[in-house]
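Read through the structure below, which is laid out as structure tokens, and then see the notes.
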Amino acid sequence: MQTYIPPLMNIAVDITILTVRDDRLQVLLVKRGIEPHQGVWALPGGFMNNDETAEQAAHRELAEETGIPHGHARLEPVGFYTEPDRDPRGRVVSLSYMALIPASPPTAAGGDADDTGWVPVAAVLDGARTLAFDHARLLADALEHARALLEHTTIATAFCPPEFTEADLRRVYERVWDTELDVRNFHRKITRTEGFLTPTGEKTTRDGGRPAALYRAGDAVRLQPPMYRAR
């Protein structure tokens with residue numbers, strides 16, 4: 001009887017970290033320190049070890065290559081990528097994760113990365129910044145996943161600091177959806193979901209003008225009803 005020998009295959013994890021920085025939606029990239037694509041910018045990530053889950057590998061690679069500690073970013077699965085020729089080293093299946101963080105924490109390159117940097121997402125999508133492998137596609141898919149999550153869940157508050165204003169939250173939607181929103185319509189929609197926002201009872205004038213109420217993220221998870229972007 002002929003013995004079946006399974007094909008050799010490596011499993012990788014790639015992580016898209018998004019934040020609103022300098023009033024633009026930006027993504028965290030690393031400059032590859034090894035071949036293939038040495039010196040080219042890419043999403044943080046790497047191969048999964050035999051003794052860890054995909055999510056554990058994603059947190060480990062994120063910490064090794066960028067210095068962002070475990071637990072700072074809540075990872076959301078986006079999808080998996082199986083094209084046979086996506087990596088010149090051989091057959092590599094990649095599991096893609098995404099995380100939304102409220103601000104750009106200090107980063108420090110390590111592992112296989114020579115440098116880290118925050119880059120406007122638009123610069124990658126319009127081709128001004130080239131990424132290694134198929135990471136431009138992974139970024140585009142992660143962005144679409146984030147846009148859809150904002151329609152149906154309260155995850156937009158993950159972009160905000162612990163205390164934020166309605167204007168802060170509205171800017172998140174505007175930068176992720178790449179569109180301007182009507183202030184009154186936005187207020188009406190976000191206040192229809194009980195538990196979306198929790199008032200702190202405090203106000204701030206940090207944006208100038210009249211004092212604005214400060215909020216914290218509530219305990220609601222789903223937006224009821226959803227808040228759809230313009231198509």
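The values are calculated or read from the model by the stated rules, or taken from the named source; none is laboratory data. Just so we're clear, the structure is a prediction, and the values are computed from it rather than from any experiment. Reconstructed Cβ throughout: ideal geometry from the backbone, glycine too, with neighbour counts over all protein chains shown. Just so you know, the surface numbers come from the protein's heavy atoms only, side chains and all, with ligands and any DNA or RNA stripped out. Shrake-Rupley method; radii C 1.70, N 1.55, O 1.52, S 1.80 Å.
Quick notes on this structure:
- Surface composition of segment 8-94: carbon and sulfur make up 50 percent of the accessible area, probe 1.4 Å.
- A 1.4 Å probe run over the chain, with the rest of the protein chains in place, finds 53 Å² accessible per residue.
- Close amide H pairs (under 5 Å, H built 1.01 Å from N) link Ala99 with Thr16, Ile17, Leu18, Glu76, residues at least 5 positions away or on another chain.
- Rounded tilt (10° steps) of 135-152 against the dominant C-alpha axis of the chain: 30 degrees
- Each helix, a run of at least 4 DSSP H residues, gives -39500 (n - 2.57); summed and divided by the residues of the chain, these come to -7500 deg cm²/dmol at 222 nm.
- Rounded if a/c under 1.5, otherwise prolate or oblate - segment 10-143, Cα gyration tensor axes: rounded
- Counting only alpha carbon atoms, the long axis of helix 166-177 and the longest principal axis of the chain meet at about 40°.
- Summing Cβ point charges (Lys, Arg +1; Asp, Glu -1) relative to the Cα centre of segment 11-99 gives a dipole of roughly 160 debye.
- The angle separating the long axis of helix 54-66 from the principal Cα axis of greatest extent in the chain is about 80 degrees.
- Each label was represented as a point 7 Å from its Cα along the Cα-to-Cβ direction; for Asp114 and Arg184 these points are 5.6 nm apart.
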